[in-house]
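Note sheet for the following structure.
The values are calculated or read from the model by the stated rules, or taken from the named source; none is laboratory data. Computed from a predicted structure; not experimentally measured. All Cβ positions, glycine included, derive from the backbone under ideal geometry; neighbour counts span all protein chains shown.
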Ligand code: IPM
Ligand code: MG
């Protein structure tokens, strides 16, 4: 059966990087991969096209597809819009509507890029961490939320802003299972990151993770407070195998982990529902400062396609084919500006896409 992929380029550098990933998919298609692709508007592009960062047509397209490939959303021109119309809301809504609670963010260092990391090569060499970030709960979605007036210290009204950090047992349980399952396929070590010394929400998180661990006796489970985890990630990142954490902590730690691997332009992600239907996107944002200049790094997006093949289509052979092509390009010293190393050859965003295609 033909697999359908919804392609949502979004804003900023989104269209440039997604175009490179589509070139890669076109090669696999020409070689027999049975897929069809259809484009939809999301984020600021959705607002421009239909007055909504997640237009109904785009949501329907995503629901009717087997997988979604997304670029990035957001841009300064949309910052003045009312909150529900902002591009980021489109992204958060599609994650929620598709129930994509399990966000896999691998931080892997290609040895060729050891010099691009801001950390010493010996600290990051051989790095291979999988961050499992919960993606549809936490302060991102918890109610109540808002900005309202309340009496201040002097009795006069002042504005307060508030969000609710909230996790239910079932939400923690299902993402914990995803993380334990992944740990079973790796080095069987899982570190659960929270802030249980201060937050009730984290206290519950820890209890539920411990309950789930009873079903995975082979996995060595540890717990770490998020502040310590941030420190350990730069001190000795290789101590981690799989990390499982909530939405906001995972957002922050995955950006941090990306720097271990040289550039945020290298990190792909998969966001999965219970049935491994998924949305695939680079972890970086829309980078409005370099949009339209053909210099963004498309590798995170191309590597996201490899994750799509692996996790949603169960096609390990084609996933490896893409990953090996990327590795070969890096070995040849071909570099976008963000990962430039001494002696490398600088290429544009489309030049990088072409180089990967040539390797395929
Ligand atoms: C990410 C991004 C998003 C998030 C933003 C753009 C809403 O930072 O995917 O990590 O916070 O989840
Ligand atoms: Mg983020």
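Among what's in segment 290-306 and is outside any helix (DSSP H, G or I) and in contact with a helix residue (DSSP H, G or I) (Cβ under 6 Å, 6 or more places away or on another chain), pick the residue that is farthest from residue 334 (Cα to Cα). Steps first, answer last, please.
So the first thing to find is which residues in segment 290-306 are outside any helix (DSSP H, G or I), and the list is 291-298.
Subsequent filtering for residues that are in contact with a helix residue (DSSP H, G or I) (Cβ under 6 Å, 6 or more places away or on another chain) retains 294-298.
On the way: 294: 15, 295: 13, 296: 14, 297: 11, 298: 13 Å.
This residue is 294.
Do we have any residue at all in segment 10-25 that's at positive phi and crowded, with 24+ Cβ neighbours inside 10 Å? Before the answer, list the steps.
Just the residues of segment 10-25 that are at positive phi, to begin with: 10, 12.
Now restrict to residues that are crowded, with 24+ Cβ neighbours inside 10 Å: 10, 12.
Scanning segment 10-25, I find at least one residue that is at positive phi and crowded, with 24+ Cβ neighbours inside 10 Å, so the answer is yes.
Can you tell which of 198, 226, 244 is modelled with pLDDT of 95 or more and over 28 Å from residue 70 (Cβ atoms)? Please lay out each step first, then the result.
Details: 226 fails: over 28 Å from residue 70 (Cβ atoms); 244 fails: over 28 Å from residue 70 (Cβ atoms).
Exactly one of 198, 226, 244 is modelled with pLDDT of 95 or more and over 28 Å from residue 70 (Cβ atoms), namely 198.
In segment 319-360, what residues are touching a strand residue (DSSP E or B) at 6+ places or on another chain (Cβ under 9 Å), farther than 22 Å from residue 12 by Cβ and in a loop (DSSP other than H, G, I, E, B)?
Within segment 319-360, 332, 333, 341, 344 qualify.
Considering only residues of segment 188-202 that are surrounded by fewer than 17 Cβ atoms within 10 Å (Cβ to Cβ) and touching a strand residue (DSSP E or B) at 6+ places or on another chain (Cβ under 8 Å), which is nearest to residue 246 (Cα to Cα)?
Once the filter is applied, the top-ranked residue is 197.
Go through segment 184-201 residue by residue and tally those that are in contact (Cβ under 8 Å) with a residue 12 or more places away in the chain and not in a strand (DSSP E or B).
Narrowing segment 184-201 to residues in contact (Cβ under 8 Å) with a residue 12 or more places away in the chain: 184, 186-197, 199, 201.
So of that shortlist, the ones also not in a strand (DSSP E or B) come out as 184, 186-188, 195-197, 199, 201.
Of the residues in that region, 9 qualify.
Being more than 27 Å from residue 91 (Cβ to Cβ) and either assigned by TED's automatic domain parsing to the domain that holds residue 302 or part of a helix (DSSP H, G or I) (or both) is the filter here, so list the residues in segment 228-273 that pass it. Outline the logic, then answer.
So in segment 228-273, the residues more than 27 Å from residue 91 (Cβ to Cβ) come out as 228, 231-232, 234-239, 241.
Those that are more than 27 Å from residue 91 (Cβ to Cβ) and either assigned by TED's automatic domain parsing to the domain that holds residue 302 or part of a helix (DSSP H, G or I) (or both): 228, 231, 232, 234, 235, 237, 238, 239.
Exactly one of these conditions fails for residue 325: (1) crowded, with 21+ Cβ neighbours inside 10 Å; (2) over 20 Å from residue 182 (Cβ atoms). Give me its number.
Among (1) crowded, with 21+ Cβ neighbours inside 10 Å; (2) over 20 Å from residue 182 (Cβ atoms), residue 325 violates only (1).
Just the residues that are more than 12 Å from ligand 2 (Cβ to nearest atom), closer than 21 Å to residue 305 by Cβ and part of a loop (DSSP other than H, G, I, E, B), please, taken from segment 274-286. If you could, list the steps in order and put the result at the bottom.
We begin by selecting, within segment 274-286, every residue more than 12 Å from ligand 2 (Cβ to nearest atom); these are 274-280.
Going one step further and asking which of them are closer than 21 Å to residue 305 by Cβ, we end up with 275-280.
Those that are more than 12 Å from ligand 2 (Cβ to nearest atom), closer than 21 Å to residue 305 by Cβ and part of a loop (DSSP other than H, G, I, E, B): 275, 276, 277.
Is it the case that some residue within segment 107-120 is outside the structural domain of residue 180 (by TED's automatic domain parsing), within 16 Å of ligand 1 (Cβ to nearest atom) and under 20 Å from the mean Cα position of the chain (by Cα)?
Within segment 107-120 (the criterion being outside the structural domain of residue 180 (by TED's automatic domain parsing), within 16 Å of ligand 1 (Cβ to nearest atom) and under 20 Å from the mean Cα position of the chain (by Cα)), the answer is yes, since at least one residue qualifies.
All but one of (1) modelled with pLDDT under 95; (2) out of contact with any helix residue (DSSP H, G or I) (no Cβ under 7 Å at 6 or more places or on another chain) hold for residue 276; state the number of the condition that does not hold.
Here residue 276 clears every test but (2).
Taking residue 262 and the conditions (1) modelled with pLDDT of 95 or more; (2) touching a helix residue (DSSP H, G or I) at 6+ places or on another chain (Cβ under 6 Å); (3) more than 16 Å from ligand 1 (Cβ to nearest atom), which numbered condition does it fall short on, given that it satisfies the others?
With (1) modelled with pLDDT of 95 or more; (2) touching a helix residue (DSSP H, G or I) at 6+ places or on another chain (Cβ under 6 Å); (3) more than 16 Å from ligand 1 (Cβ to nearest atom) applied to residue 262, the lone miss is (1).
Quick check: is even one residue across segment 177-186 farther than 24 Å from residue 89 by Cβ, more than 21 Å from the chain's Cα centre (by Cα) and surrounded by 11 or more Cβ atoms within 10 Å (Cβ to Cβ)? Before you say what the answer is, go through the steps one by one.
Initial filter on segment 177-186 (farther than 24 Å from residue 89 by Cβ): 177-186.
Keeping just the survivors that are more than 21 Å from the chain's Cα centre (by Cα) gives 184.
After this cut, where a residue has to be surrounded by 11 or more Cβ atoms within 10 Å (Cβ to Cβ) as well, the list is 184.
Looking through segment 177-186, at least one residue is farther than 24 Å from residue 89 by Cβ, more than 21 Å from the chain's Cα centre (by Cα) and surrounded by 11 or more Cβ atoms within 10 Å (Cβ to Cβ).
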